[in-house]
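To start, the structure itself, in structure tokens.
A short reminder: the numbers here are calculations on the coordinates, not readings from a lab. Computed from a predicted model, the values in this text were never measured in an experiment. Using ideal geometry, Cβ is built from the backbone for each residue, glycine included, and neighbour counts are taken over all protein chains shown.
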Amino acid sequence: MIAQIGLSILLAGVLVYAWTEYRRAPVISILSILVATAGLYFVWLPSHATRLATLVGIGRGVDLIIYVWVVISLIMLLNLHLKLRSQAELITILMREIALANARTAEPNK
Amino acid sequence: MTSKHRKKPDKQSIWIAVAAFNEAAVLSPIVSDLVRRSYRVVVVDDGSHDATGQIAISAGATVVTHPVNLGQGAALQTGIKLALQQGADYVVTFDADGQHRPSDIARLIDALVDHDADYALGSRFLGSSRGMPLGRRLLLQAATWLTRVMTGLRLTDTHNGLRAMTREGAGRIALRQNRMAHASEILEQIAASGLRHIEVPVTIDYTQYSLAKGQRFSDSLAILFDLSAQKLHR
């Protein structure tokens, strides 16, 4: 029970985080929400996890939950990569403005 | 392709945007040639470690310097922005490595005027290219096919850096792909703009120098990754 509550709090955190990311990266956000919701479901109904696990060829329900966590981690990693890209775009805009403000030319009257 | 019935644009309203990264060895004659033809030239020195910027100024260009290297896409966007700020009626993108011919610019501008288009895209497959290796030809044809699938534009040459656009056309271009994926991105934005485009035959001169600076197969994988990643975020 304690483990279930702990995991639920963590997964709820993932859900909230995914929701706040929706405007910036909708695809990632929806993926995270789907996976985290599935995680919550299996945490509270582990027998369903076991049934689904055997159905898709994974030994135990616990293994399935571990895999779900791995998937969540990978999605977060991708999200982090996208955040870095956004940062790079901002830096580009900033550098462009600096560069344009310092345009040089050989003509004396410019 | 001459425009007899329409007024030719004033050459001083035509800005040539050249992205240059460590091109000191070849840049001077290229910029001088463009300036001699009365075009306005902006060289975007993309964080070069050599004298690219100084050479470009001496040759008569306006020079904008990125403090660090950002990539060709970022540099072209900076060049286009400067040209528009300076009141350009036409903006031409031109490679710094010497594979484009300044004489082709007039043909592109004429094509814009004659066909009432906003984008004139150079095509080496309509025109000619000298010394193109087979591997390069196959890679370019694969890229052409992929662009057709992704943007719906039926072009013969999708990765040609020689393009001319009207002021309105240039204003619709907002490149986010800093590196090589900008060539595909610019076509996506042309397709999205709904403005008229036309392909114009141009000649590409392959030299040892330009080939060494050109794209490889591994680059195309990176381009595909960049293009997909951009679709996932704002």
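How many angstrom separate the Cα center of region B:12-76 from the Cα center of region B:84-102? Rounded to whole Å, the Cα centres lie 10 Å apart. Distances between placed amide hydrogens fall under 5 Å for residue B:200 paired with B:121, B:122, B:123, all partners being 5 or more residues away or on another chain. Cross-link partners of residue B:8 among aspartates and glutamates, defined as those whose alpha carbon lies under 18 angstrom from its own and excluding same-chain residues fewer than eight positions apart: B:89, B:104, B:110, B:114, B:116, B:118, B:168. For residue B:140, neighbours were defined as the other residues whose beta-carbon sits under 10 Å from its Cβ, and their charges (Lys and Arg +1, Asp and Glu -1) total +2.
Note that region A:19-31 has calculated 3J(HN,Hα) couplings of 4, 5, 7, 4, 5, 7, 9, x, 4, 4, 4, 5, 4 Hz, one per residue in order, obtained from phi through the Karplus relation 6.51 cos²θ - 1.76 cosθ + 1.60 (θ = phi - 60°); glycine and proline are x.
Sorting A:44, A:69 by the number of Cβ atoms found within 10 Å of their own Cβ, with the fewest placed first, yields A:44, A:69. Amide H contacts of residue B:95: B:100, each under 5 Å away and 5 or more positions distant or on a separate chain (H built 1.01 Å from N in the peptide plane; Pro and chain starts excluded). Per residue, the average separation of C-alpha pairs within less than 8 Å and at least 6 apart gives region A:2-101 a relative contact order of 20 percent. Charged neighbours of residue A:86, selected by a Cβ distance under 14 Å, balance to +4 (K, R count +1; D, E count -1).
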